[in-house]
Amino acid sequence: MWSHLERGSSPVDWCESNYSISPMIAEFVNTVSNFLFFLFPPVLIHLFQEYSKFFNPAINVLWVLLMLVGVSSAYFHATLSLVGQLMDELAILWMFLAGLAILLPKRYFPAFFHGSRRRMALVSTSMGIVLMVCLIMHPAANAFALMTLTVPTLRILYTELIRVKCARVFRLGLRCSAVTLLAIFCWFMDRMFCDAWLSIDFPYMHGVWHVLSFIASYTMLVLFAFFNATEERPEQKPQLRYWPVNEFELGIPYVSIKDPCKKDSNLAI
């Protein structure tokens, strides 16, 4: 057991040369490239105060989990230990499952759920426990398995973008999809063509993956937060906005509630 905590005990080693920059950090660039996971979530917690207060406070769980992904990834790349690898991959798994339980529009729920988000949370938790055991048993194949989660996510994103019919949301969805695919491309380039990157002295594509994957992940969460609010509380008029300047669509996207105190007249007694 203690051997799994040792540096270099992971079967996975990325293209960046080990201890080439710091004698204490195995993959320096791959470690520090997780900085966005620490920098942005507190900002998002602040921007989503209104959303959390008037619609769904569980959204803050996702921003905290994003920070946990960053911590786990930084620890893994700093030590290349098996425990670090599993922490990194399990954090990503639970991040995905939490997003599924909290933000997936109810129209995608199985019929026997009867629209119950509590049931979705219970099933997601059960799935997480089973998948966690599988990840621990086959650590070498984990990263490839986790990559497959992007396929249904992008499919649902496309369906929702067509349904919503909002130009601003559609543009953000296109950018999110493009960044997601570019991030995956960088991941595979680092994993499969390391020699080519070493030949040009740039073995840092995995660090680029960290930056792009964070941008794609938080943008995806923002979009699904919008889809969820639009489906469940349309009377409150959720809006996609940008900080610090709303007209500048390359800023930080978030969801605001235009009429937070308005109730659905169909629910009135």
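The values are calculated or read from the model by the stated rules, or taken from the named source; none is laboratory data. Source: prediction; values computed, not measured. So basically every Cβ, Gly included, is an ideal-geometry build from the backbone, and we count neighbours across all protein chains shown. For the accessible areas, the whole protein counts, side chains as well, though only heavy atoms, and no ligand, DNA or RNA atoms are used. Shrake-Rupley method; radii C 1.70, N 1.55, O 1.52, S 1.80 Å.
The criterion of at least 2 residues that are β-branched (Val, Ile, Thr) and open to solvent by 20 Å² or more (accessible area, probe 1.4 Å) is met by the following helices (runs of 4 or more DSSP H) wholly inside segment 117-226: 117-137, 150-164, 167-192. Every condition in (1) under 19 Å from residue 252 (Cα atoms); (2) free of Cβ contacts under 8 Å to residues at least 60 places away in the same chain; (3) over 17 Å from the mean Cα position of the chain (by Cα) is met by residue 78 except one, and the failing one is (1). Total residues in segment 212-229 satisfying the condition of being touching a strand residue (DSSP E or B) at 6+ places or on another chain (Cβ under 7 Å) and polar (S, T, N, Q): the figure is 1. The requirement of being among the polar types (S, T, N, Q), buried (at least 16 other Cβ atoms within 10 Å of the Cβ), assigned to a loop (DSSP other than H, G, I, E, B) and out of contact with any Pro (no Cβ under 9 Å at 6 or more places or on another chain) is not satisfied by residue 30.
I'm trying to understand the selection: among the residues of segment 127-146, which are in contact (Cβ under 8 Å) with a residue 12 or more places away in the chain and over 18 Å from residue 76 (Cα atoms)? Break it down into steps so the answer makes sense when it comes.
Quick first cut of segment 127-146, residues in contact (Cβ under 8 Å) with a residue 12 or more places away in the chain only: 127-128, 131-132, 135-136, 139-140, 142-143, 146.
Listed by number, the residues that qualify are 127, 128, 131.
How many residues, within segment 93-121, are farther than 17 Å from residue 224 by Cα and within 20 Å of the chain's Cα centre (by Cα)? Of the residues in that region, 1 qualify.
Among the residues of segment 33-75, those that are among the hydrophobic types (A, V, I, L, M, F, W, C), outside any helix (DSSP H, G or I) and under 18 Å from the mean Cα position of the chain (by Cα) comprise 48, 58. Of the residues 122, 157, the single one that is within 23 Å of residue 232 (Cα to Cα) and touching a Cys at 6+ places or on another chain (Cβ under 9 Å) is 157. Of 43, 83, 69, all but one fail to be under 28 Å from residue 193 (Cα atoms), at pLDDT 95 or above and either crowded, with 17+ Cβ neighbours inside 10 Å or not basic (Lys, Arg) (or both); the exception is 69.
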